[in-house]
Amino acid sequence: MQLDISQLIHNKRVLMCGGKGGVGKTTLSCAIALKAAQMGRKVLLVSTDPAHSLSDALAIQIGSKEKHVVNNLTVLELDPDTEVDAYLERVLGQMRRYVGPDKVTELERQLQLTRHSPGAQEAALLERLSHLLDEGLERFDLLVFDTAPTGHTLRLLSLPEAMAVWTQGLLQHNKRSQQLGSVLEHLTPSRSIDNPLGDPANNPLEGLDERQQKLLSTLLERQRLFQRTRNILSNAEKTAFLFVLTPERLPVMETERAVHSLQHSGIPVAGLLVNRVMPESAADNHFWQSRLQQQAVYLQDINQRMPNLAQQHIALQEQDIQGLAGLEAVAAQLV
Ligand SMILES: Nc1ncnc2c1ncn2[C@@H]1O[C@H](COP(=O)(O)OP(=O)(O)OP(=O)(O)O)[C@@H](O)[C@H]1O
Ligand SMILES: [Mg+2]
């Protein structure tokens, strides 16, 4: 089944490119974004890779500020460390209003510790991505995300829950917030987002002073933001998840698992980009014949394991793909 990229570019608002490390996510996100820009869509291409791979692929210096690259195409590279710092600074700012001045130093120390706690980077990135989705969709026709390798992306999507737990942990560190902590237990995601406090007759906000209520409403606002993000990402009308893979054993197996895992969490996968497909004409000696035979096995394997997913093959290029010219050549291959 042929994957129709042009149609996705036309019809969707968000394209997420995921896949195992090194299979070509950055290259193909750039190619798709370029193609979309050429088709007249106003595009924002975003990467969350600390290795600044977008800058490398496009052969231009990008950073944490939006940069206009060619007509209709703007790019942005988010750095997880910078995002954590900014995020913790915001959290600290909010909490300073809540704790007394004598506790601020201790609070800062606690926050420095959480900087390295699992999930802190993801939480910070999720918050930034959520804001990007909220306001980016107003300014751009299409957002293309070059996401980090598979597991990471999947974690990001389960973060509304993880984030709630993390924020709770953070607050519970602070002894004076224990009362608030117990309120936050009521905010677990099993509760409806429309009625996050559970039974209104049993209002846990009672007994909180004004500052505590403010902090609580900030936290609630954040949870709603994440919920909106998940709603956009799991809406197949708006968002398409594409998996990049190469016709080799491990990428095929890992992709199959990731596809199932996403589908299991209610996120539909739009298709597969099978990258680095060797041309048949490569088989002019034993080595290449053997590589081609192996490739044929895995191309078949992909069809059998994921028969319901449309695919598009992208040919292995003679050389690495770098700079606009090289990326445009790949974009021209996409249909
Ligand atoms: N079809 C192709 N033909 C030849 N080279 C390719 C092709 N696709 C990607 N490459 C090259 O493979 C290398 C890895 O690609 P890329 O950086 O896009 O992978 P990635 O999935 O983003 O990696 P990471 O997981 O590290 O972010 C790059 O040097 C790129 O130029
Ligand atoms: Mg990459």
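The values are calculated or read from the model by the stated rules, or taken from the named source; none is laboratory data. Given the structure is predicted, the values throughout are model-derived calculations rather than measurements. Cβ coordinates were reconstructed from backbone atoms using ideal geometry, including for glycine residues, and neighbour counts include every protein chain displayed.
Let's see how each residue does on (1) in contact with a Phe, Trp or Tyr (Cβ under 7 Å, 6 or more places away or on another chain); (2) within 30 Å of residue 333 (Cβ to Cβ); (3) not in a loop (DSSP other than H, G, I, E, B):
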{"site": "7", "(1), (2), (3)": "no, yes, yes"}
{"site": "21", "(1), (2), (3)": "no, yes, no"}
{"site": "45", "(1), (2), (3)": "no, yes, yes"}
{"site": "84", "(1), (2), (3)": "no, no, yes"}
{"site": "89", "(1), (2), (3)": "no, no, yes"}
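Residues of the stretch 18-38 that are closer than 17 Å to residue 74 by Cβ and in contact with a Ser or Thr (Cβ under 7 Å, 6 or more places away or on another chain): 26 alone. Taken together, the residues in the stretch 47-71 that are assigned to a loop (DSSP other than H, G, I, E, B) and either under 21 Å from residue 6 (Cβ atoms) or not assigned by TED's automatic domain parsing to the domain that holds residue 322 (or both) amount to 1.
Yes/no matrix, rows are residues, columns are (1) more than 25 Å from the chain's Cα centre (by Cα); (2) surrounded by fewer than 15 Cβ atoms within 10 Å (Cβ to Cβ); (3) more than 12 Å from ligand 1 (Cβ to nearest atom); (4) among the charged types (D, E, K, R):
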| residue | (1), (2), (3), (4) |
| --- | --- |
| 248 | no, no, yes, yes |
| 271 | no, no, yes, no |
| 286 | yes, yes, yes, no |
| 313 | no, no, no, no |
| 327 | no, no, no, no |
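When you check residue 266 against the structure, is it part of a helix (DSSP H, G or I), surrounded by fewer than 21 Cβ atoms within 10 Å (Cβ to Cβ) and small (Gly, Ala, Ser), yes or no? Judged against the criteria, residue 266 is not a match.
The sole residue among 98, 87 that is more than 13 Å from ligand 2 (Cβ to nearest atom), at pLDDT below 85, aromatic (Phe, Trp, Tyr) and farther than 22 Å from residue 232 by Cβ is 98. When the stretch 271-307 is filtered for residues that are polar (S, T, N, Q) and either in a helix (DSSP H, G or I) or modelled with pLDDT under 95 (or both), the ones remaining, listed by number, are 281, 285, 289, 290, 293, 294, 295, 300, 303, 304. The listed residues are 19, 40, and the only one of them that is within 16 Å of ligand 1 (Cβ to nearest atom) and farther than 23 Å from residue 131 by Cα turns out to be 19. Scan the stretch 36-43 and tell me whether some residue there is away from ligand 2 (no atom under 16 Å from the Cβ), basic (Lys, Arg) and over 18 Å from the mean Cα position of the chain (by Cα). Within the stretch 36-43, one or more residues are away from ligand 2 (no atom under 16 Å from the Cβ), basic (Lys, Arg) and over 18 Å from the mean Cα position of the chain (by Cα).
Residues satisfying the criterion are absent from the stretch 154-162 (criterion: modelled with pLDDT of 75 or more, closer than 28 Å to residue 255 by Cα and of a type in the set (Ser, Thr, Tyr)).
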